[in-house]
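Here's the structure, in structure tokens; my notes come after.
Just so it is clear, none of the values below were taken in a lab; they were calculated from the coordinates. Bear in mind that the values here come from a model prediction, so they are computed numbers and not experimental data. Because the Cβ atoms are built from the backbone with ideal geometry, glycine has one as well, and the counts that use them run over all protein chains shown.
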Amino acid sequence: MKTWFIREIWENVASLIIILGVFMLLQPFSMLLYTYSFSLILGGTLGFVVVSHFPSNRD
Amino acid sequence: MKNTLSKSQGLSDRALTWLFVTPTILLLLAVNIYPLIYAISMSFTNFYANKPGREIKFIGLKNYIRILNKEDIWETMQATAHFMFWTLLLQAIIGLGLALLLKRNFKGSDILTTLIVLPMMLSPAVVAVFWTYMYQPQSGIFNYIINYFFNFGEFTMIGDVKLAPWSIIIVDTWMWTPFTMLICLAGLKSIPNYLYEAAEVDRANTFQQFLHITLPSVLPFLLLALLFRGIENFKMFDLVVELTGGGPGSTTELASINLKREAFEKWRTGYSSAFAVIMFVTIFGLGNIWVKVMNKVKER
Amino acid sequence: MSEQTIKQTSPLEPSSFSRKSAAIIIIIYCIISLIPIVWMVMTSFKSANDAVSYPPLVYFDPSLEGWVNLFTQRSRQSQEYLDSLPPPETWYEELVRSRQMVIAGPSRFLGRFTNSLIIGFGSTFLSVFLGSLAAYAFSRFRIPLKDDLLFFILSTRMFPPIAVAVPIFLMYRKLGLSDTHLGMIILYTMVNLSLAVWLLKGFMDEIPREYEEAAMVDGYTRFQAFYKIVLPQAMTGIAATAIFCMIFAWNEYAFAVLLTFSEAQTAPPFIPTIIGEGGLDWPAIASGTVMFLVPVMIFTVVLRKHLLRGITFGAVRK
């Protein structure tokens with residue numbers, strides 16, 4: 001069970017979500033992607049704050 | 001841990017901790033967090049700061065929905081993206097290139113590094129004003145030099161719809177390439193010599209050495225520099241406002257310039273607060289990633 | 001033979017040819033990137049006509065017109081009026097009269113420049129003072145949620161100024177702080193504090209704890225140890241941090257343009273508004289720019305060893 005809460009992995013996941021959201025915010029291709037970009041950024045950021053309190057696998 | 005030593009003398013460490021940290025935290029709470037919470041709460045209303053008598057209504061997520069469905073704002077985001085993409089690309093290539101050259105440690109490289117760094121430390125707004133002078137179609141030195149080499153005939157950087165986005169990219173690249181260069185240089189200097197020595201024993205050629213040793217070691221540093229510049233250019237304001245003011249039309253109207261218009265010219269406070277919150281959350285998210293990269297770099 | 005060819009291309013010991021070609025490319029880049037700065041200084045010594053001539057003049061008769069215009073307000077007068085005046089007493093009056101004008105009074109530039117100085121020094125002092133206290137605590141003591149607090153402090157630096165400007169504007173309006181020196185000092189202190197705390201924590205982490213512990217064995221209190229041992233040791237770091245804070249406050253534009261109008265306006269929003277006859281007075285703007293930027297350039301040269309640390313929040317140390 002403990003292995004599920006490794007900080008490094010989840011931080012990478014959250015980072016990817018944020019980066020995807022930022023890409024959607026800034027891309028010039030689809031209005032729809034732009035519309036939903038902020039939800040992704042917000043979710044990723046809040047997620048990052050939560051998962052960065054998981055124990056690190058180096059401890 | 002070391003408390004035992006001081007327990008009997010003067011203030012306890014615990015008291016001292018609070019004494020030392022509290023002023024900073026309080027000041028940041030008052031001038032930073034309070035305004036932020038204020039902005040968040042305003043973003044759910046239809047508040048206009050220039051109409052004090054008007055009733056303030058709670059309108060839920062309407063501001064956010066409107067911003068995220070508005071073509072104009074999407075366009076300012078695209079202008080920002082165009083600006084970010086080219087500045088980061090150019091600064092990465094030129095900065096890394098300069099760092100690789102400077103690493104060869106020739107005589108006088110210290111003085112040259114200091115000279116190259118100068119533009120970065122200057123006030124962007126003040127520098128931008130001066131660049132508008134250098135961009136003058138006739139008397140401007142920039143246009144003169146370009147025409148001397150390429151002979152385009154008369155052209156104007158700032159007034160032209162196609163060229164204006166490039167006028168800001170050029171100035172930003174001129175200012176901030178040294179930043180990427182400095183950080184890449186620090187990355188290059190952190191590579192231990194024995195890696196190259198081992199590679200030479202293995203008969204790896206220069207290109208292979210670059211690909212397998214130099215590039216992987218310098219990449220986190222480059223990422224750190226680009227993330228930082230990315231955040232800065234996402235919220236870019238001073239340089240562009242003084243250089244083009246968002247024009248011509250709205251070709252160089254970056255997100256924060258649009259935000260300034262909504263907030264301080266149209267006074268749509270609630271609406272612009274929602275916009276501000278969107279920008280803030282984006283930067284906060286990127287900032288988290290930045291700190292992560294920073295910790296990785298620090299371990300070296 | 002083969003050993004030698006390897007040596008020549010090695011990144012460890014570049015050949016003299018590769019060194020020389022690197023030096024040449026760097027020098028070329030350096031010259032290109034310095035053109036705007038050199039041009040700025042040259043323009044500040046041009047006359048108004050020379051500044052807008054085509055093609056741009058590299059050789060010109062130096063004139064102090066720009067500098068005189070920067071510090072004075074002038075009004076155009078008829079030739080008869082000028083003839084009726086007593087002969088000019090000073091060289092700058094003579095210069096202004098030769099342009100068919102008389103000096104009407106000092107310009108507002110010096111006041112704006114002084115505002116920049118007051119706000120810059122005030123906020124630098126405050127942020128270094130508060131920053132070194134907090135940095136010491138973060139460096140030496142156990143603080144609950146230390147990493148979160150540090151990130152919180154750092155993240156305040158990343159706030160886009162425009163995003164917090166609206167609520168700060170409303171708040172300052174209510175408190176009567178808008179367009180005052182105090183208000184701007186508090187604002188810049190807030191922005192600089194995060195840099196100060198992060199940088200100073202790095203510097204203090206490098207000072208061995210043993211020094212303080214030895215002092216405390218000798219009967220110093222913790223506070224005395226901080227004050228008499230750590231602070232003097234961290235002096236270089238504190239000075240570097242102070243200069244960084246000063247440069248930020250000096251260069252800041254977004255808050256200044258939104259929150260100050262006259263009383264506390266700093267130089268960056270003022271310089272673009274220097275207007276001469278028929279548009280912007282470029283030599284005067286160039287003079288103001290030079291006067292404003294030269295101190296920063298001097299500091300940059302002085303600071304070069306700490307530069308990297310300062311601009312990366314201590315992430316990269318040399």
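Distances between placed amide hydrogens fall under 5 Å for residue C:107 paired with C:72, C:73, all partners being 5 or more residues away or on another chain. Please label the shape of the protein assembly as shown as rounded, prolate or oblate, based on the square roots a ≥ b ≥ c of the eigenvalues of the alpha-carbon gyration tensor (a/c under 1.5 means rounded; beyond that, a/b larger than b/c means prolate, else oblate). The shape class here is rounded.
In terms of other Cβ atoms within 10 Å, B:110, B:238 run from fewest to most in the order B:110, B:238. Close Lys pairs in chain C, defined as Cα atoms under 18 Å apart and 8 or more places apart or on different chains, number 6.
If one takes the longest principal axis of the Cα atoms in chain A, at what angle in degrees, from 0 to 90 and to the nearest 10, does the Cα axis of helix A:31-51 lie? Between helix and principal axis, roughly 20 degrees. The alpha carbon radius of gyration of the range B:106-157, expressed as a multiple of 2.2 N^0.38 Å, is 1.51. Loop-resident trypsin sites (Lys or Arg not before Pro) (DSSP state other than H, G, I, E or B) in the range B:34-131 with no more than 14 further Cβ atoms inside 10 Å of their Cβ: B:54, B:57, B:107.
Less than 13 Å from a label point 7 Å out along the Cα-to-Cβ axis of residue B:147: which backbone N atoms in the range C:29-63 qualify, by residue? Under 13 Å, as judged by backbone N against the label point of residue B:147, lie C:53-57 of the range C:29-63. Our note on the geometry: Cα centres of the range C:255-318 and the range B:133-149, 24 Å apart. What number in nm² do you get for the range C:48-107 if you take the convex hull of its Cα atoms and divide its surface by four? Value for the range C:48-107: 4.7 nm².
Based on the alpha-carbon gyration tensor of chain B, what equivalent-ellipsoid semi-axes (square roots of 5 times the eigenvalues) come out, in whole Å, largest first?
Values: eigenvalues 296, 244, 65 Å².
Computed over chain B, the values are 38, 35, 18 Å.
Given the alpha-carbon gyration tensor of chain C, what are the semi-axes of its equivalent ellipsoid in whole angstrom, ordered largest first, with each equal to the square root of 5 times an eigenvalue? Display every interim value, and only then the final one.
Working: eigenvalues 411, 210, 62 Å².
Working through the eigenvalues yields semi-axes of 45, 32, 18 Å.
In plain terms, the residue of C:197, A:51 with the fewest other Cβ atoms within 10 Å comes first and the most crowded comes last, giving A:51, C:197.
Amide hydrogen proximity for residue C:276: with H placed 1.01 Å from N in the peptide plane, the residues at 5 or more positions away or on another chain lying under 5 Å are C:281. Which of B:223, B:26, B:188 moves the most in a Gaussian network model of chain B with Cα springs under 10 Å? Among B:223, B:26, B:188, the largest mean-square fluctuation in the Gaussian network model of chain B belongs to B:26. Pairs of Lys residues in the range B:70-298, spaced 8 or more positions apart or belonging to different chains, with C-alpha separations under 19 angstrom: 7 in total. When the charge dipole of the protein assembly as shown is built from unit charges on Cβ atoms (+1 for Lys and Arg, -1 for Asp and Glu) and taken about the Cα centre, the candidate among A:25, C:154, B:163 whose Cα reaches farthest toward its positive end is C:154. GNM on chain B, alpha-carbon springs under 10 angstrom: the most fluctuating residue among B:248, B:124, B:52 is B:52. Modelled label positions at residue A:8 and residue B:198, each set 7 Å beyond Cα in the direction of Cβ, lie 1.9 nm from each other. Loop-located GluC sites (Glu not before Pro) across the range B:13-80 with a Cβ neighbour count of 12 or fewer within 10 Å are B:55, with loop assigned by DSSP.
Hydrophobic, long helices, defined as DSSP H runs whose alpha-carbon span along the helix axis is 27 Å or greater and whose mean Kyte-Doolittle value is at least -0.5, occur in chain C at C:16-44, C:109-140, C:181-205, C:282-303. Classify the range A:2-51: rounded, prolate or oblate, from the alpha-carbon gyration tensor (a ≥ b ≥ c, eigenvalue square roots; a/c under 1.5 rounded; otherwise prolate if a/b is larger than b/c)? Since a/c reaches 1.5 and a/b is larger than b/c, the shape of the range A:2-51 is classed as prolate.
Per DSSP helix of 4 or more residues, -39500 (n - 2.57); summed, then divided by the residues of the protein assembly as shown. What does that give at 222 nm, rounded to the nearest 500? Before the final figure, lay out each step's value.
Values: 34 runs with 458 residues, N = 677.
It comes out at -21500 deg cm²/dmol, rounded to the nearest 500.
R0 = 45 Å: FRET efficiency of residue B:57 with residue C:317, Cβ-based, nearest 0.05? Efficiency at R0 = 45 Å is approximately 0.30.
Long hydrophobic helices in chain B, taken as whole DSSP H segments with a C-alpha length of 24 Å or more on their own axis and mean Kyte-Doolittle hydropathy at least -0.5: B:71-102, B:164-189, B:215-234, B:269-298.
Taking the beta-carbon count within 10 Å as an exposure proxy, list B:156, A:45, C:189, C:236 from fewest neighbours to most.
On the way: B:156 16, A:45 24, C:189 27, C:236 11.
Exposure proxy ranking, most exposed first: C:236, B:156, A:45, C:189.
Remark on residue B:45: its backbone amide H falls under 5 Å from those of B:59, a criterion applied only to residues 5 or more positions apart or on other chains, H modelled at 1.01 Å from N. If you build a Gaussian network model of chain C, linking Cα atoms that sit under 10 Å apart, which residue out of C:199, C:175, C:259 swings the most? Most flexible of the set in this elastic network: C:175.
Out of the GluC sites (Glu not before Pro) in the range B:202-300, which ones are loop residues according to DSSP with at most 10 other C-beta atoms within 10 Å? Don't skip to the end; give the middle numbers.
Numbers: sites: B:232, B:242, B:253, B:262, B:265, B:299; in loops: B:253, B:265, B:299.
Counting only loop positions with at most 10 other Cβ atoms within 10 Å, the GluC sites (Glu not before Pro) in the range B:202-300 are B:265, B:299.
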